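A quick write-up on the structure given underneath.
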Amino acid sequence: MGAGKSTIGRHLAQMLHLEFYDSDQEIEARSGADISWIFDVEGEEGFRNREARVINELTEKQGIVLATGGGSVQSKEVRNRLSARGIVVYLETPIDKQVARTQRDKRRPLLQVDEPREVLEQLAEERNPLYEEIADLVVRTDEQSAKIVANLIVEKLGF
C-alpha cells in the first residue's frame, strides 16, 4: 500500500505504449461498488475472491501493464499466475513512505484503524517475502518520482 503501483504503472504503460489496468479499479467498475463497500459487505475474503478472478482474467491478456492490489500476493494461486504470465516488478517502499502516502486516504479499508503504521508493519512482514518470491525485478520507490521509477524499470528490463 502506498508504493505507487497505480501511478507508476500508468507511467510505465504510457512509456511502453501498452494498455494499463488496475485490478482494484476493475473490481470497482465490474461490481459498481467501491472497495470499502465490498470489504464491509463481503469481508476481506469476499474481496480477495473477486480480486483473484479479475487478476486471472487480466493476466490472460498480452501486452498490458497491470497494477494489482497490495494484498493480492497473499494468494498462492495469484502469485503463480502473476509469475507465470508476466514480468513482476516489486516496488519496495519503506513503512515511513507508506504511512506518509496513505495517511489521508479513506479508501483503504485495512488502514481505517487507530494505528495504521502497525497495520502496515504487519502487512509488510507478511507480504514482503511473497513479493520477493515472485519478483523478476525489485525497485525501491522511496525518494524518486513515479516517472523516474518508471524510467528505471524500462531501463532495467531493457525495453
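Laboratory data are not the source of any read-out in this text; all were calculated from the coordinates shown. It should be emphasised that the depicted structure is a prediction, and the values quoted were computed from it without experimental measurement. Please note: Cβ atoms are built from the backbone with ideal geometry, for glycine as well, and neighbour counts cover all protein chains shown.
Quick notes on this structure:
- Which labelled figure in [x] 23, 20, 15; [y] 35, 16, 13; [z] 37, 22, 17 is semi-axes √(5λ) of the Cα gyration tensor in Å, once derived from the coordinates: [x]
- Ignoring lysines fewer than eight residues from K61 along the same chain, the ones with Cα atoms less than 29 angstrom from its Cα are K5, K76, K147, K156.
- Among 38-51, 11-24, the order from most to least packed when residues are scored by Cβ within 10 Å on average: 11-24, 38-51
- Over all projection directions, the Cα-based convex hull of the range 1-55 averages an area of 4.1 nm².
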